[in-house]
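A.B. asks: Just dropping this structure here.
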Amino acid sequence: MIAGAMVAWRCFAGGSERAGGVLLGALASLKLTPTVFLIWLIATRRWRALGWSIATGAALAIVTMLAISPDIFLRYVGVVAGVSGGGRPFALLIAAAGGLAILFGGRRSPTAAWILAAVLIPFGSPVTANHTWALILIALAPAMGSLLRHVPAGGPELSTTIRGA
């Protein structure tokens, strides 16, 4: 999850909307918490990447239903409803507020919005285990480019135009 999200950032920073969208769709099909990055795609008006992400997630969902069982998603919803009943209203409120911040601030600062989305992943999960907090490392993705000297430290917002806008 962490490596995939970091590579997705690299794809977006390098202008590869399709690759980044496909990767986010695949990640979201494995675990729902990366869907917070779909808000980021909407906020930064990366419509092509959003389409690729949704199409990839839908295709993988169909393959899963055909390979395992058509009712797999209904069972999943039942499990999520059962475990989220323990209640974490404050954490969910933080996640909702952060989602709005991403949506309304993402266009102005895509890098800051990406970092906020990564930090919100553990709050949006109905069950948080010790390893879940490691997902915050995804927030380091914008710095990854400067470490590898392939992408400016600020990512896409330092370019003169943001692709997909």
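A.B. asks: Which members of region 24-68 meet the condition of being part of a helix (DSSP H, G or I), in contact with a Gly (Cβ under 7 Å, 6 or more places away or on another chain) and of a type in the set (Val, Ile, Thr)?
C.D. replies: Those that are part of a helix (DSSP H, G or I), in contact with a Gly (Cβ under 7 Å, 6 or more places away or on another chain) and of a type in the set (Val, Ile, Thr): THR33, VAL36, ILE39, ILE54, THR56.
A.B. asks: Could you tell me which residue of region 40-71 is nearest to LEU103 (Cα to Cα), considering only residues that are crowded, with 21+ Cβ neighbours inside 10 Å and in contact (Cβ under 8 Å) with a residue 40 or more places away in the chain?
C.D. replies: The extreme case among them is ALA43.
A.B. asks: Looking only at region 12-34, decide whether some residue is crowded, with 21+ Cβ neighbours inside 10 Å, in contact (Cβ under 8 Å) with a residue 40 or more places away in the chain and within 10 Å of the chain's Cα centre (by Cα).
C.D. replies: yes
A.B. asks: Since VAL127 meets every condition but one in (1) farther than 25 Å from ALA3 by Cα; (2) modelled with pLDDT under 75; (3) assigned to a loop (DSSP other than H, G, I, E, B); (4) not polar (S, T, N, Q), which condition does it not meet?
C.D. replies: (1)
A.B. asks: If you don't mind, there's one more thing I want to ask. Could you list all residues from region 39-83 that are modelled with pLDDT of 85 or more and among the polar types (S, T, N, Q)?
C.D. replies: Listed by number, the residues that qualify are THR44, SER53, THR56, THR64.
A.B. asks: Let me ask something else about it. Take the conditions over 15 Å from ALA117 (Cα atoms), at pLDDT 80 or above, in a helix (DSSP H, G or I) and hydrophobic (A, V, I, L, M, F, W, C) and apply them to MET6. Does it pass?
C.D. replies: The answer is no for MET6.
The values are calculated or read from the model by the stated rules, or taken from the named source; none is laboratory data. No experiment lies behind these values; they were computed from the predicted model shown. Using ideal geometry, Cβ is built from the backbone for each residue, glycine included, and neighbour counts are taken over all protein chains shown.
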